[in-house]
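The values are calculated or read from the model by the stated rules, or taken from the named source; none is laboratory data. These numbers were taken from a predicted model, which means no experiment stands behind them. Heads up, the Cβs are rebuilt from the backbone with ideal geometry, glycines too, and the neighbour counts pull from every protein chain shown. Heavy atoms of the whole protein, side chains included, go into the accessibility calculation; ligands, DNA and RNA do not. Shrake-Rupley method; radii C 1.70, N 1.55, O 1.52, S 1.80 Å.
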Amino acid sequence: MLHNRIMAAMVVLLILLGLTGIRVGVGAPDGLLPVAAQAKGSQNSTVLFDEDWRFHRGGAQGAEQPDLDDSKWRKLDLPHDWSIEELPGTNSPFHSDSISQVSGGFTTGGTGWYRKTFTVPNEQKGKRILIQFDGVYMNADAWLNGQLLGSHPYGYTSFWFDLTDKVRFGVGNVMAVKVKNEGENSRWYSGSGIYRHVWLKTLDLTHVAQWGTYITTPEVSASSAKVNARTKVLNESDQPARITLVTKMVDGKGQEVARVESGQTIESKAAYEFNQDAIIKSPALWSPESPVLYKAVSEVYRDGQSTDRVETKFGIRTLSFDAVQGFLLNGKPVKLKGGCLHHDNGPLGARAFDRAEERRVELLKASGYNALRLAHNPPSPAFLDACDRLGVMVID
């Protein structure tokens with residue numbers, strides 16, 4: 001009993017400190033537009049970058065160089081997990097000699113290489129070009145055209161690189177990624193490889209920063225809700241810019257229910273975080289029984305011209321804790337009924353296909369779950385989106 005109370009108190013404290021959080025109908029920062037969607041009045045885009053990669057399992061001397069002949073490498077689409085695939089010369093992914101042993105399901109990690117050739121049109125010159133990896137297990141090194149972009153340790157957090165000064169416009173570019181899942185580094189099945197989505201972003205020089213939107217609902221009643229939107233805007237041009245940020249709140253039926261507009265001059269190569277409050281009348285509250293989502297549409301204008309548009313889904317709800325009643329959602333006591341969930345999708349391995357992530361949430365919800373503790377690492381954005389949409393609270 002004492003142990004349970006201490007654990008409960010620790011979870012509450014962590015939630016309040018923001019080190020972890022029950023993610024209740026609040027959209028992940030910087031919502032992505034659909035594949036190849038473009039902002040109105042601008043040429044910004046976020047494109048799914050999963051198709052037509054080449055893969056080699058093992059070491060590959062000089063694989064980061066663009067002139068390497070990878071024609072005999074395996075062709076595949078992401079997400080990909082090589083640890084769930086049959087070992088060479090066998091009909092099984094499992095081996096009793098695997099370094100992972102029982103903790104990793106007797107599967108094999110090691111080193112793998114991924115390469116992709118792609119073209120950025122000449123029309124995109126003057127834009128910022130970014131690549132975002134939702135998750136790579138683990139310890140990834142990335143190169144573009146033989147130039148090191150950087151390294152990302154760990155295996156569960158999303159990361160991104162700016163390609164702008166290394167990309168070649170109108171001709172082929174070669175992205176190379178080395179993935180190293182080495183030694184005994186996990187006590188559960190981790191998988192190996194680029195097992196979540198990859199995105200290619202093309203942005204105007206004046207744009208919302210990567211993961212630059214943060215939506216909260218600090219005041220909620222039956223009659224109205226105050227929605228606070230913090231939006232970080234970058235001016236990466238060589239001149240100061242007069243920026244207007246228009247944030248629209250849109251309900252589930254596509255109707256605009258609130259709007260706020262702010263202006264600010266942002267110096268060259270600088271950033272500014274807008275802090276806006278909007279009032280939504282008679283809000284529909286998010287709950288596991290009624291997971292209603294709104295959408296914040298952030299539109300950036302420079303000298304009257306649209307330069308960026310970002311959509312962020314969120315839910316309106318209140319969270320509080322009471323020594324007598326416990327956890328309260330929207331002022332009502334709620335018991336968290338659920339379990340501790342790892343990130344893999346069974347026979348699919350760690351591959352985070354959107355439908356597989358959604359299916360897991362559907363099955364758990366149908367079994368009576370209203371909450372999940374995600375063990376022991378950040379999940380995929382697709383999984384969190386499914387929880388928001390289907391009505392499952394999350395300790396992330």
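Among what's in the stretch 224-260 and is within 19 Å of GLY212 (Cβ to Cβ) and of a type in the set (S, T, N, Q), pick the residue that is most open to solvent (accessible area, probe 1.4 Å).
The extreme case among them is THR244.
Among the residues of the stretch 59-90, how many are of a type in the set (Phe, Trp, Tyr) and under 16 Å from TRP143 (Cβ atoms)?
Going through the stretch 59-90 one residue at a time, the tally reaches 1.
May I ask you to list the residues in the stretch 150-162 that are open to solvent by less than 30 Å² (accessible area, probe 1.4 Å) and closer than 22 Å to LEU68 by Cα?
The one that is open to solvent by less than 30 Å² (accessible area, probe 1.4 Å) and closer than 22 Å to LEU68 by Cα: GLY150.
Give the residue that is most open to solvent (accessible area, probe 1.4 Å), with candidates limited to residues of the stretch 89-107 that are in a helix (DSSP H, G or I) and out of contact with any helix residue (DSSP H, G or I) (no Cβ under 9 Å at 6 or more places or on another chain).
My answer is VAL102.
For the stretch 120-129, which positions are part of a strand (DSSP E or B) and open to solvent by 10 Å² or more (accessible area, probe 1.4 Å)?
Within the stretch 120-129, just ARG128 meets the criteria.
Scan the stretch 304-327 residue by residue and report those that are in contact with an Asp or Glu (Cβ under 8 Å, 6 or more places away or on another chain) and either among the hydroxyl-bearing types (Ser, Thr, Tyr) or more than 22 Å from CYS387 (Cα to Cα) (or both).
Once the filter is applied, which keeps residues that are in contact with an Asp or Glu (Cβ under 8 Å, 6 or more places away or on another chain) and either among the hydroxyl-bearing types (Ser, Thr, Tyr) or more than 22 Å from CYS387 (Cα to Cα) (or both), the stretch 304-327 yields SER306, THR307, ASP308, ARG309, THR312.
Taking the stretch 299-323, which residues are surrounded by fewer than 20 Cβ atoms within 10 Å (Cβ to Cβ), out of contact with any Pro (no Cβ under 9 Å at 6 or more places or on another chain) and farther than 26 Å from VAL257 by Cβ?
ASP303, GLN305, PHE321, ALA323
Need pairs with beta-carbon distance below 8 Å; first residue on the phi > 0 side of the Ramachandran plot and within the stretch 297-310, second assigned to a strand (DSSP E or B); sequence gap 6+ or separate chains.
ASP303/ALA241; ASP303/ARG242; GLY304/THR244
List the pairs whose first member sits in the stretch 165-189 and is among the hydroxyl-bearing types (Ser, Thr, Tyr), whose second member is in a loop (DSSP other than H, G, I, E, B), and whose Cβ atoms are under 8 Å apart, counting only residues at least 6 apart or on separate chains?
Close Cβ pairs (under 8 Å, with a partner that is in a loop (DSSP other than H, G, I, E, B)) amount to SER186/SER100; TYR189/GLY105; TYR189/THR107; TYR189/HIS342; TYR189/ASP344; TYR189/GLY349; TYR189/ALA350.
So LEU149 ticks every box in (1) in contact (Cβ under 8 Å) with a residue 24 or more places away in the chain; (2) within 21 Å of the chain's Cα centre (by Cα); (3) assigned to a strand (DSSP E or B) but one. Which box is left unticked?
Just one mismatch for LEU149, condition (1).
Of all the strands (runs of 3 or more DSSP E) wholly in the stretch 153-212, which have at least 3 residues that are more than 13 Å from GLY135 (Cα to Cα) and in contact with a strand residue (DSSP E or B) (Cβ under 7 Å, 6 or more places away or on another chain)?
172-181, 198-203
Would you be able to tell me the number of residues in the stretch 375-393 that are over 15 Å from the mean Cα position of the chain (by Cα) and either of a type in the set (Lys, Arg) or modelled with pLDDT of 95 or more (or both)?
Residues that pass the stated criteria total 5.
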